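The values are calculated or read from the model by the stated rules, or taken from the named source; none is laboratory data. All figures in this text were calculated on a predicted structure; none of them were measured in a lab. Cβ coordinates were reconstructed from backbone atoms using ideal geometry, including for glycine residues, and neighbour counts include every protein chain displayed.
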Amino acid sequence: MKSEKNILIAFILNLGFSILEFIGGTITNSVAIVSDAVHDIGDAVGIGFSFLLEKISKRKPDNKYTYGYLRYSVIGSLITTLILLVGSIFVIYNAIVRIINPVEINYNGMIIFAVIGVIVNFLAAYFTKGGDSLNQKSVNLHMLEDVLGWVVVLIGSIIMRFIDIKIIDPILSIFVALFILKNVVINFKEIIDLFLEKIPKGIDISELKAHLLEIKGVVDVHHVHIWSIDGYNNYATMHVVSNSKNKEIKDNVKEELKEHGISHSTIEIESINEECHDECCQINESKTKKHHHHHH
């Protein structure tokens, strides 16, 4: 339950703080602070979703969701990512407007807010670190970004306090936004890979097959499908052709899969002379093996 409680703490910290920020940004006239506020409110909403969806994702599999509810956590991550995307674009737009028409900024107020910002967001980041779901990772990523964003604002406001260049403020907020966008894109790609059932990170099919073929009694392995539900739990199905009758083969194959980070596997054992019927399903390897058995 640790992860949920932490997400909740981060949510409360963030929401309370972002309201404070809007007020602060308006008073000090700083677009960097207002843009951080937008970003923080986006985070808070995203974290709210994450919290609910993380709760759902803990449920055990049932007749409706045979794989369990883990993907809900991924959807949490997706929503948060999209909110950040919109937030960042909004921030960049605002900053460009400010670069064209600079305004007076209250630097002292800005410095005070930035100090509070660093502290609050550091605490939130501290509470959400060490999460093990993609969802919690995206929440923690936001927290770290927020800390970073505030450090940037702090440095900028101190510089502006001594050198009166108003344009520094919007330029800072653009940097923060671009940094966030970079992470958003990376996160987004991970999520899309999951939904497209791409092979999980760190698993190499050809290497895995080679290892499986070393097992005594395993003649061939085909129809290998490997996917992940949430980026951490990996599943696999495969057909194993064997020339021996013993039950150990399946255990050995499962053992080997565990070593490759696959916790849940379904294995069909076939004997040597059995013809595999669903060839359409095979990964296209006909370049290497000429179609052997349909010419009879």
Only unsatisfied item for Ile105, checking (1) assigned to a helix (DSSP H, G or I); (2) crowded, with 17+ Cβ neighbours inside 10 Å; (3) of a type outside the set (Asp, Glu), is (1)
Taking the range 45-74 as the region of interest, how many residues are touching a residue at least 24 places away in the same chain (Cβ under 8 Å) and either assigned to a helix (DSSP H, G or I) or touching a strand residue (DSSP E or B) at 6+ places or on another chain (Cβ under 9 Å) (or both)? 17
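Considering every residue within the range 35-42, establish whether at least one is charged (D, E, K, R), under 18 Å from Phe175 (Cα atoms) and in contact with a Gly (Cβ under 9 Å, 6 or more places away or on another chain).
Yes, the range 35-42 has at least one match.
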Kindly indicate which of Ile229, Ile249, Ile215 is among the β-branched types (Val, Ile, Thr) and touching a strand residue (DSSP E or B) at 6+ places or on another chain (Cβ under 6 Å). Ile249
Among the residues of the range 152-171, is there at least one that is assigned to a helix (DSSP H, G or I), of a type outside the set (A, V, I, L, M, F, W, C) and within 28 Å of the chain's Cα centre (by Cα)? no
Select from the range 206-251 the residues that are surrounded by fewer than 14 Cβ atoms within 10 Å (Cβ to Cβ) and assigned to a helix (DSSP H, G or I) and list them in ascending order. Ser206, Glu207, Ala210, Leu213, Glu248, Asp251
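In the range 172-201, how many residues are touching a strand residue (DSSP E or B) at 6+ places or on another chain (Cβ under 9 Å) and in a loop (DSSP other than H, G, I, E, B)? Walk me through how you get there before you give the answer.
Within the range 172-201, the first condition is being touching a strand residue (DSSP E or B) at 6+ places or on another chain (Cβ under 9 Å), and the residues that meet it are 193-194, 197-201.
Next, only the ones that are in a loop (DSSP other than H, G, I, E, B) stay: 197-201.
Residues flagged as touching a strand residue (DSSP E or B) at 6+ places or on another chain (Cβ under 9 Å) and in a loop (DSSP other than H, G, I, E, B) within the range 172-201 amount to 5.
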Of the residues Lys209, Lys250, which single one is of a type outside the set (Ser, Thr, Tyr), modelled with pLDDT of 85 or more and either touching a helix residue (DSSP H, G or I) at 6+ places or on another chain (Cβ under 6 Å) or under 13 Å from Ile269 (Cα atoms) (or both)? Lys250
